[in-house]
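Quick note: the coordinates plus some simple rules give every number you see, no bench work behind them. This is a predicted model, so every value here is computed, not measured. Backbone-built Cβ (ideal geometry, glycine too); neighbour counts: all protein chains shown.
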Amino acid sequence: MKNNRLSKDKEFKLLYDVIVNDNKENFTVKYYNLIYHYVKKTILSKKFTKIYEEDYYMELTHIVFIKFFENNCHKLKQYNPDLGSLSGWIILLTIRFVLDELKKKDIPISYEDKLLTIKDPKNLQKTVEYKIDKHNVLSIAKKKLSKRAYNVLKLSLEGYTIAEISEKLNEKPSNCSLLKSRALSILIKLIQKMD
């Protein structure tokens, strides 16, 4: 999926336009294809018995946009340009929103895939895929990570959102996000050494 990347200044202007001026049209036009692509990719990457129609992907795409714009664009306001591009943030949230919607509909999601996909925490656009069992990842992680970081990673691999992890572990969401990011960085290095 090719997305014409915006400069940091253009991203900031686009966000400002959505958040301050309540002009959602430019954001929607710019990111519709990207969000639609990741809605479909997220559904197709999971092991579902039901094959979905194109209408369902479009419906979920609209739900994702609603989630971006609800609560006075709360999720867009959380974007931190120091942690990556706006496109990376949008992709990350799109995947999370889709998985949350599927959970609400009690659609079973398989987390037992043998292929582990990890987003590089320093560059959310970069995805690294490792053919390693998630159980093995957790056993490696348990030896190398702090107990808090391990618990965050474990719940994350089970499909919990940062908000859900935060609630379960009685931690601040920002702490959980940081612990997950650090854990993934350490895991990437460890897995690369194994290859």
Query raised in the report: For the pair K143 and L44, what calculated FRET efficiency results from E = 1/(1 + (r/R0)^6), where r is the Cβ-Cβ distance and R0 = 45 Å, to the nearest 0.05?
Result: 0.85
Query raised in the report: Under 20 Å from the 7 Å Cα→Cβ point of E70, by amide nitrogen: which residues of region 78-98?
Result: 78-79, 89-98
Report task. Quick one: compute the contact order of region 139-194, relative version, from alpha carbon pairs under 8 angstrom and 6+ residues apart, as a percent. Result -> 38 percent
